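Trainee: Starting off with a structure, shown below.
The values are calculated or read from the model by the stated rules, or taken from the named source; none is laboratory data. Quantities reported herein were computed from a predicted structural model and do not represent experimental measurements. Reconstructed Cβ throughout: ideal geometry from the backbone, glycine too, with neighbour counts over all protein chains shown.
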Amino acid sequence: MAQKFWKAALFDLDGVVLDTESQYSNFWGSVGKEFLPHIPTFAKDIKGQTLTQIYDGWFAGETALQEKITIRLNKFEQQMVFPYIPGFTIYIASLRQAGVKTAVVTSSNKEKMANAYREHPELLQMFDRILTSEDFKASKPDPDCYLRGAAIFGAKPEECIVFEDSRNGLRAARASGAYVVGLATTLPEDVVTTLADLVITDFTDERLEAIEL
């Protein structure tokens, strides 16, 4: 049984709050086919990485190409839709009613978040804090983002629940010392199980009842 009182719940964004991973898979899949056709797993390999990590790892020194991809990505994100993961809005309301502080902890930048706010301005009221890539010294799988998320609420990591879906995100959450809930929205459930304390398909999953608020 999970801890009975939690000070904070920290949420990744894509694949956790918003059901956007399939759209990003299509975008990065097309980038991979065009520029890295010899790496068929490119779109999967970069899951959970920041744009800086992607560029440093796969397009280092290619300034013109990075700018080209960035322009495409910005245009793509302006046209995206941002549906919620099933059950999310009800679940986060229950957390806040129970007195649990909430934060988004995402590798997305502020420009991407501005696109999400256009469709969901209520996101700013749903969470006590929204932390983006600009707020962290190190990117996932480094635990810095989740350590900072806990610290802003005056909580120890072990007093926090982290909701994640990608390998890098799950590793960051686990390294922080938080209780990790893995969503099987991006990776197969058997993979998520090895990196999380609890696995769910979405926020309607009855397994969430194991967490007492």
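Trainee: Would you check if Val81 is more than 27 Å from Pro143 (Cα to Cα) and not in a helix (DSSP H, G or I)?
Mentor: yes
Trainee: Collect the residues in the range 14-51 that are of a type in the set (A, V, I, L, M), at pLDDT 95 or above and buried (at least 19 other Cβ atoms within 10 Å of the Cβ), keeping them in residue-number order.
Mentor: Passing the criteria: Val16, Val17, Leu18, Val31.
Trainee: Scanning the range 128-138 for residues that are in a loop (DSSP other than H, G, I, E, B) and crowded, with 19+ Cβ neighbours inside 10 Å, which turns out modelled with the lowest pLDDT? Reasoning before the result, please.
Mentor: Just the residues of the range 128-138 that are in a loop (DSSP other than H, G, I, E, B), to begin with: 128, 132, 136-138.
Now narrow it down to the ones that are crowded, with 19+ Cβ neighbours inside 10 Å: 132, 136.
Working: Thr132: 93, Phe136: 88.
Restricting to residues being in a loop (DSSP other than H, G, I, E, B) and crowded, with 19+ Cβ neighbours inside 10 Å, the top hit is Phe136.
Trainee: Scan the range 175-213 residue by residue and report those that are in a strand (DSSP E or B), touching a residue at least 40 places away in the same chain (Cβ under 8 Å) and either surrounded by fewer than 17 Cβ atoms within 10 Å (Cβ to Cβ) or within 15 Å of the chain's Cα centre (by Cα) (or both). Talk me through it step by step, then tell me what you get.
Mentor: Here is the first cut: in the range 175-213, the residues in a strand (DSSP E or B) are 179-183, 198-200.
Going one step further and asking which of them are touching a residue at least 40 places away in the same chain (Cβ under 8 Å), we end up with 179, 183, 198.
Within the range 175-213, just Leu183 meets the criteria.
Trainee: Of all residues being of a type outside the set (A, V, I, L, M, F, W, C) and in contact with an Asp or Glu (Cβ under 9 Å, 6 or more places away or on another chain) in the range 92-108, which is surrounded by the most Cβ atoms within 10 Å (Cβ to Cβ)? Just the residue, please.
Mentor: Restricting attention to the range 92-108, the residues satisfying the condition of being of a type outside the set (A, V, I, L, M, F, W, C) are 94, 96-97, 99, 101-102, 106-108.
Imposing the further condition that a residue be in contact with an Asp or Glu (Cβ under 9 Å, 6 or more places away or on another chain) reduces the set to 96, 101-102, 106-108.
Numbers: Arg96: 15, Lys101: 21, Thr102: 20, Thr106: 26, Ser107: 24, Ser108: 22.
Going through the qualifying residues, I end up with Thr106.
Trainee: Only one residue in Ile54, Ile69 is assigned to a helix (DSSP H, G or I), at pLDDT 95 or above and either surrounded by 16 or more Cβ atoms within 10 Å (Cβ to Cβ) or in the same structural domain as Pro188 (by TED's automatic domain parsing) (or both). Which one?
Mentor: Values: Ile54 fails: at pLDDT 95 or above.
Sole residue among the options that is assigned to a helix (DSSP H, G or I), at pLDDT 95 or above and either surrounded by 16 or more Cβ atoms within 10 Å (Cβ to Cβ) or in the same structural domain as Pro188 (by TED's automatic domain parsing) (or both): Ile69.
Trainee: Here is a further query. Looking at (1) buried (at least 20 other Cβ atoms within 10 Å of the Cβ); (2) touching a Lys or Arg at 6+ places or on another chain (Cβ under 8 Å); (3) farther than 17 Å from Tyr91 by Cα, which is the only condition Cys160 fails?
Mentor: The number of the failed condition is (3).
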